[in-house]
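Take a look at the structure below.
The values are calculated or read from the model by the stated rules, or taken from the named source; none is laboratory data. Just so we're clear, the structure is a prediction, and the values are computed from it rather than from any experiment. Virtual Cβ from ideal backbone geometry, glycine too; neighbours counted across all protein chains shown. SASA here: full protein model, heavy atoms, side chains in, ligands and nucleic acids out. Shrake-Rupley method; radii C 1.70, N 1.55, O 1.52, S 1.80 Å.
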Amino acid sequence: MTEKTEIPPETVHRWADNGEAILIDVREPDELENARLADAVHVPMSAFDVERIPTETGKKIVFVCAQGMRSEQVRQYVLAQGILSDAYNLSGGLKAWVQAGLPLETGPKT
C-alpha cells in the first residue's frame, strides 16, 4: 500500500507525461466540458463501474475530481474492495491543477 496517497499536481503531471500513471476522472459528464485532463479515463462517481478501472497495467492509478474529495472516496473504495492494491489521489483536484498552471482541455470533447 502507498504511504503517501495525496500527490501534488506537478508530480501527477510528470507521471502522466512519462507514461507512469493512468488518471481516472470521477467527475460527472457535465463537469468535463469546463475542464478535463488529456487522456484521463472518465468513470463518473455517480455511475461508478469497477470494470473500467485498469488493474493490470503496471502503472500508478491516480484518481481525480474537482477538489480531491470525491476522488479520495473512490480511491478508498477500490482499495477496500481489493480492486487495486495501490492507488493515489490528486491532491486538491483539478482546482490545484489549474492553480499550478498545468495544461488541460476545455470545451466539448471531439
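General observations
- Rg over Rh [alpha-carbon atoms, Kirkwood Rh] for the chain: 0.93
- Segment V41-T11, extension gain: residue separation times 0.36 nm, minus the distance between their alpha carbons: 9.0 nm
- Rounded to the nearest 20 debye, dipole of the chain from Cβ charges on Lys, Arg, Asp, Glu: 120
- Helical runs (DSSP H, four residues minimum) scored at -39500 (n - 2.57) apiece and divided by the length of the chain put the mean residue ellipticity at 222 nm at -8000 deg cm²/dmol.
- Computed E for V50/K109 - FRET, C-beta separation, R0 22 angstrom, nearest 0.05: 0.45
- Computed packing ranks the peptides 29-40, 84-95 as 84-95, 29-40, most packed first, by mean other Cβ atoms within 10 Å.
- Atom-type composition of the exposed protein surface of segment 12-110 places 47 percent of the accessible area on carbon and sulfur (1.4 angstrom probe).
- Fraction of beta bridges assigned by DSSP in the chain that are antiparallel (%, nearest 5): 10
- Distances between placed amide hydrogens fall under 5 Å for H42 paired with D25, all partners being 5 or more residues away or on another chain.
- Percentage relative contact order, the chain, counting C-alpha pairs under 8 Å, at least six apart: 37
- Based on protein heavy atoms only, the chain ends up with 55 Å² per residue of surface accessible to a 1.4 Å probe.
- Under 13 Å, Cβ to Cβ, from Y77 - net charge with Lys/Arg +1 and Asp/Glu -1: 0
- Taking a ≥ b ≥ c as the square roots of the eigenvalues of the Cα gyration tensor, segment 57-103 is classed as oblate, since a/c reaches at least 1.5 and a/b does not exceed b/c.
- Net charge contributed by nearby residues that have their C-beta within less than 13 Å of G19 (K/R +1, D/E -1): 0
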